[in-house]
Amino acid sequence: MKIVLGLLGACLLLAACTEPPAPTAPTVTVTAPATLTTAPAVDPATRAWLDGFCSAIHGYRKRTNEEAAPSTSQPHSVQESQQALSEQLGGIADRAGEVVDRLAALPPAPVPLAETVRKAFAEKYATARDRARDAKTALDRAKPGDIASQNPAVKALEQAQQDVDGTYDPVAPLVESRELVTAAAVTPGCKA
């Protein structure tokens, strides 16, 4: 019996001294999903060019809205009507001319599509500028109170406004270029 008790004691002693190892935390490996991509870098030259381009176009729209504020007085004579129409034509000519000048002052576009769009916009604004300027000149040369001088001036005013229709969103014609759209999204001048 002494042997059994000795063996039992030795087994208990061994069991007490040898504890099972503590469980270890599993190793976690983090990998980025295959679909995660970073935004492409925006070329500073592209961004600067777009800022100038978009600012020119949005500047026209903003000035037009400011100048289109309702007048406090209505013309009471043909002569006053001629003067008001002359001012409207002059406003369009000035605003459109400013856009043409600002577009011409831009450096060469960084992307061929941008250069094509710039030329198309400049042509539309130049057409509106010339039409409004010429109509204003003809109206201003007419005799005060000449009712017949107003009809061509009104038609020219409407046509000048139509000349720039479709040019109020400078980014829309650039959507074929991912580079330009990406740059426009972070360019202050392109945010209206």
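The values are calculated or read from the model by the stated rules, or taken from the named source; none is laboratory data. None of the values given here were measured: they were computed from a predicted structure. To get the accessible areas, we keep the full protein, side chains included, count just its heavy atoms, and leave off ligands, DNA and RNA. Shrake-Rupley method; radii C 1.70, N 1.55, O 1.52, S 1.80 Å.
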Q) Where a Cα-Cα gap under 30 Å defines reach, which lysines qualify for Lys62, not counting those fewer than 8 residues away within the same chain? A) Lys119, Lys124, Lys136, Lys155, Lys191
Q.
Apply the a/c threshold of 1.5 to the C-alpha gyration tensor of the stretch 93-136 and tell me whether it is rounded, prolate or oblate.
A. prolate
Q) Per residue, how much accessible area does the stretch 120-162 have with a 1.4 Å probe, in Å²? A) 61 Å²
